[in-house]
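Here is the structure we will look at, set down as structure tokens.
The values are calculated or read from the model by the stated rules, or taken from the named source; none is laboratory data. As the structure is a computational prediction, the values presented were derived from the model and not from experiment. Don't worry about glycine lacking a Cβ; one is built from the backbone with ideal geometry, like all the others, and counts go over all protein chains shown.
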Amino acid sequence: MPAGVNAAVGRRSLTVMLGGLSLLGPLSIDAYLPAFADIQRDFQASTADLQLTLTGYLLAFACMSLMHGPLSDAFGRRRVILTALSAFGLAALGCALSPSVGWLTSFRVMQGMSAGVGTVVGRAIIRDCFEGAAATRLLALVSMIFSLSPALAPVFGGWVVTLFTWRAIFLTLFVYAVAMLMLCVRSLPETLPLHARRPFGLSMLAQQYVVAFGNRRFRLVALAIALSFAGLFLYVASVPAFLGHELGLPPTQYAMMFVPIVAGIVLGSLAAERLAGRFAPARLILAGFSIQLVTGIINVTFHAAHPGSVPWSILPIGFYAFGMSLATPGLLLIGLDQFPQMRGLAASCQAFAMVLLAGLITQLAPAFGGRALALALVQGVLCIAAFASWLVTIRFYERNR
């Protein structure tokens, strides 16, 4: 870690800040999903109008994910984060006070434009400050916090809607953004010195994206990360149909699915953090994908012969989350290391791929009707595709490691 950064903030404080920033994106998506019915009733809006509040957010998130990194490469990490936090807080307050679904959609787009800064710029900050096993450990901890949100946010949103109104969800996000802004103003250091910054321009940016996505190793690793995460997000996006219709659980018991997910994410991330430095990243990635594949085979085999049931339809999701969390930190680090001088842009491309696939899964999930066998098959296909992407590039990585 650079001396100036080390003097300004410790590793634990940095973990807390970056973990908190990484929650902005998934919290903004998943916390308000349980409130769809209430929002639709209050505004007397159509299902299509309500879906636009999510689609608009995801499109803005995906597009701006391509910009956060290059902006931080040009103007510094700290300035971009503080600006985005301010915009996010104002957008959350706007959502809470929206008088119509049109205004809500507009402020949701504004939220999407700012919410991805924590994930994108946070990864670049980690790589600015740490190398090798130390970077892997911190990425594992931040990834753990990030991955917990899709599991916990719907539960939080459901309780808030039950106890208060849907507007309280966005007021909570506003308070959270203000708290993070105050913390970052006080404690977040600038990790990119002036001499390391790159000029910003649209033509130059386009050329850099061509270079990044033209790099075969980077492209395949980013795809492996996105596909693996999509396999877990598939179940999160299918919660009402999967738990309510397929397994017959009431909304008050929806947390039952998230217990194994949270346990898998926490244990997998902790395993990645503890094993970093003792094993090469490629071995941890291979172990993570192996666990995901074995889990997928068992999941499909079981549901081909049996109907969905508790706990056998839920437990495999936890094991899948463990494997994903074990492999992801190494994959992220390998991707960032492809472009040491453009880590912000590399992180942007990784986040863009993840959000794009998560958005696609969100749109496709209703087509599977929450059926246990269908979800298991789709998750298996996504996992196989992710593993194949990694296998294609692993020999190149091992040669240049």
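Numbers for the structure displayed
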{"item": "In region 294-341, the residues that are outside any helix (DSSP H, G or I) and over 17 Å from ALA224 (Cα atoms)", "result": "HIS306, PRO307, GLY308, SER309, VAL310, PRO311, TRP312, SER313, ILE314, PHE339, PRO340, GLN341"}
{"item": "Qualifying position, being part of a helix (DSSP H, G or I), in contact with a Leu (Cβ under 6 Å, 6 or more places away or on another chain) and at negative phi, among ALA48, ALA62", "result": "ALA62"}
{"item": "Residue match in region 310-324 (condition: closer than 26 Å to VAL210 by Cβ and touching a residue at least 12 places away in the same chain (Cβ under 8 Å))", "result": "no"}
{"item": "So ALA347, is it touching a residue at least 24 places away in the same chain (Cβ under 8 Å), within 30 Å of ARG197 (Cβ to Cβ), in contact with a Lys or Arg (Cβ under 6 Å, 6 or more places away or on another chain) and part of a helix (DSSP H, G or I)", "result": "yes"}
{"item": "Region 167-181, residues that are crowded, with 23+ Cβ neighbours inside 10 Å and either over 20 Å from LEU82 (Cβ atoms) or at pLDDT below 80 (or both)", "result": "ILE169, PHE170"}
{"item": "Test: residue in region 321-337 that is modelled with pLDDT under 85, closer than 26 Å to SER22 by Cβ and of a type in the set (D, E, K, R)", "result": "yes"}
{"item": "Any chance ILE225 is at pLDDT below 90, under 30 Å from THR15 (Cα atoms) and among the β-branched types (Val, Ile, Thr)", "result": "no"}
{"item": "Qualifying residue in region 317-327 (condition: of a type in the set (S, T, N, Q) and either surrounded by fewer than 24 Cβ atoms within 10 Å (Cβ to Cβ) or touching a Phe, Trp or Tyr at 6+ places or on another chain (Cβ under 9 Å) (or both))", "result": "no"}
{"item": "Residue tally, condition within 14 Å of the chain's Cα centre (by Cα) and crowded, with 21+ Cβ neighbours inside 10 Å, over region 333-360", "result": "12"}
{"item": "Residue within region 66-80 that is polar (S, T, N, Q), assigned to a helix (DSSP H, G or I) and in contact (Cβ under 8 Å) with a residue 40 or more places away in the chain present", "result": "yes"}
{"item": "Restricting region 296-332 to residues that are within 21 Å of the chain's Cα centre (by Cα) and among the hydroxyl-bearing types (Ser, Thr, Tyr), the residue that is nearest to ALA271 (Cα to Cα)", "result": "SER325"}
{"item": "Subset tally (residues that are buried (at least 24 other Cβ atoms within 10 Å of the Cβ) and within 14 Å of LEU391 (Cβ to Cβ)) for region 205-238", "result": "3"}
{"item": "Filtered residue count, region 89-123, keeping only those that are assigned to a helix (DSSP H, G or I), within 22 Å of MET182 (Cβ to Cβ), in contact (Cβ under 8 Å) with a residue 24 or more places away in the chain and aliphatic (A, V, I, L, M)", "result": "9"}
{"item": "Helices (runs of 4 or more DSSP H) enclosed by region 162-277 - at least 1 residues per element that are over 19 Å from the mean Cα position of the chain (by Cα), farther than 22 Å from SER114 by Cβ and in contact (Cβ under 8 Å) with a residue 40 or more places away in the chain", "result": "202-214, 216-237, 255-275"}
{"item": "Residues of region 364-373 classified as crowded, with 17+ Cβ neighbours inside 10 Å and either polar (S, T, N, Q) or assigned to a helix (DSSP H, G or I) (or both), total", "result": "4"}
{"item": "Test: residue in region 93-109 that is of a type outside the set (A, V, I, L, M, F, W, C), buried (at least 23 other Cβ atoms within 10 Å of the Cβ) and touching a Gly at 6+ places or on another chain (Cβ under 7 Å)", "result": "yes"}
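Residue-wise test of (1) of a type in the set (Gly, Ala, Ser); (2) out of contact with any strand residue (DSSP E or B) (no Cβ under 7 Å at 6 or more places or on another chain); (3) surrounded by fewer than 22 Cβ atoms within 10 Å (Cβ to Cβ); (4) free of Cβ contacts under 8 Å to residues at least 60 places away in the same chain.
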position: PHE36; (1), (2), (3), (4): no, yes, yes, yes
position: ASP42; (1), (2), (3), (4): no, yes, yes, no
position: SER46; (1), (2), (3), (4): yes, yes, yes, yes
position: ASP49; (1), (2), (3), (4): no, yes, yes, yes
position: GLY56; (1), (2), (3), (4): yes, yes, yes, yes
position: ALA62; (1), (2), (3), (4): yes, yes, yes, no
